[in-house]
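What follows is a single structure, written as structure tokens, with notes after it.
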Amino acid sequence: MHIKKITIKNFKSFGKKVEIPLERGFTVISGPNGSGKSNIIDSIIFCLGLHSSSKVLRAEKLTDLIYSGNGRRLGTAEVEIVFEPDNGEELRISRKVRVTEKNYYSNYYINGKPASHGEVVRVLEKAGIYSDAYNIVMQGDVTRIVEMTPMQRRKIIDDIAGISEFEEKKARAIEE
Ligand code: ATP
Ligand code: MG
């Protein structure tokens, strides 16, 4: 399964509707500083609900994700991701955040139908994408890993390999 297309509307620096088609395999997105490369990654995290905190998206609150280039932040930010499976039907997941004078709303959709965050998590798990896994290497992560002590780095490898879980169980067992 791979991401076939990302459509971004009114999200962060993308004031206009932008469609990003992706081929199978390796894709590189290049551009000057501040041109919106990381915002594309943020759009994926937002749409799939991969992190519960908006801080990961470099936003204080969800509504900060709405395009503000025209001086105000009203309307709807929207991201849609189309997955192309190796076999079977195409999967479309989208998420909107809408702000009105008084309130704001955030909604997920699976193939155009309203869905809960839990339903999105489950449909992604079926496709082998786990929302609590290390899916995205964020800007700065590599530098952080390089600058870590060997013990801190070992902890990350243990987490990825799934050893930490057993280490914790072992520590609890020894305590008892
Ligand atoms: P770098 O190469 O430095 O990592 P980048 O291409 O990853 O840069 P981004 O971090 O994706 O750049 O984009 C940053 C830009 O997005 C900033 O100019 C910021 O003002 C703009 N931006 C963020 N949120 C919004 C918003 N809600 N409305 C309009 N612009 C926004
Ligand atoms: Mg960046």
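The values are calculated or read from the model by the stated rules, or taken from the named source; none is laboratory data. Note that this is a predicted model, so its numbers are computed, not measured. Using ideal geometry, Cβ is built from the backbone for each residue, glycine included, and neighbour counts are taken over all protein chains shown. Keep in mind that these areas ignore ligands, DNA and RNA; they rest on the heavy atoms of the full protein, side chains included. Shrake-Rupley method; radii C 1.70, N 1.55, O 1.52, S 1.80 Å.
Sorted from greatest to least, the principal axis extents spanned by the alpha carbons of region 30-176 come out as 56, 39, 34 Å.
How much length is gained if the chain between Ser13 and Thr27 is pulled fully straight, taking 0.36 nm per residue apart and subtracting their Cα-Cα distance, in nm to one decimal?
Extra length available between Ser13 and Thr27 comes to 3.0 nm.
The label-point distance for Asn103 and Asp159, in a model that sets each label 7 Å from Cα toward Cβ, rounds to 3.7 nm. Comparing Gly140, Ala115, Thr100 along the charge dipole axis of region 96-176, the residue lying farthest to the positive side is Thr100, per the Cβ-charge model. In the full protein context, the chain carries 67 Å² of accessible surface per residue, based on a 1.4 Å probe and ignoring ligands, DNA and RNA.
What is the packing order of peptides 38-44, 72-78, taking the mean over residues of other C-beta atoms within 10 Å and listing the highest first?
Taking the mean over residues of other Cβ atoms within 10 Å, the ranking is 38-44, 72-78.
To the nearest 0.05, how large is the calculated FRET efficiency for Lys170 and Met138 if R₀ is 22 Å and r is the Cβ-Cβ distance?
E between Lys170 and Met138, to the nearest 0.05, is 0.10.
The calculated FRET efficiency for Val146 paired with Glu125, based on their beta-carbon distance and R0 = 41 Å, is about 0.80.
Computed from phi, the 3J(HN,Hα) profile of region 134-145 under the Karplus parametrisation 6.51, -1.76, 1.60 (θ = phi - 60°) reads 8, 7, 10, 8, 7, 4, x, 4, 5, 4, 4, 5 Hz, with x in place of Gly and Pro.
The simple spin-label model puts a point 7 Å past each Cα toward its Cβ; for Arg72 and Glu84 those points are separated by 4.1 nm. Helices of the chain meeting both criteria, an alpha-carbon length of 20 angstrom or more along the long axis and an average Kyte-Doolittle score not below -1.0, with helices taken as full DSSP H segments, do not occur.
Here the accessible area is traced with a 1.4 Å probe on the protein chains. For the chain, carbon and sulfur cover 52 percent of it.
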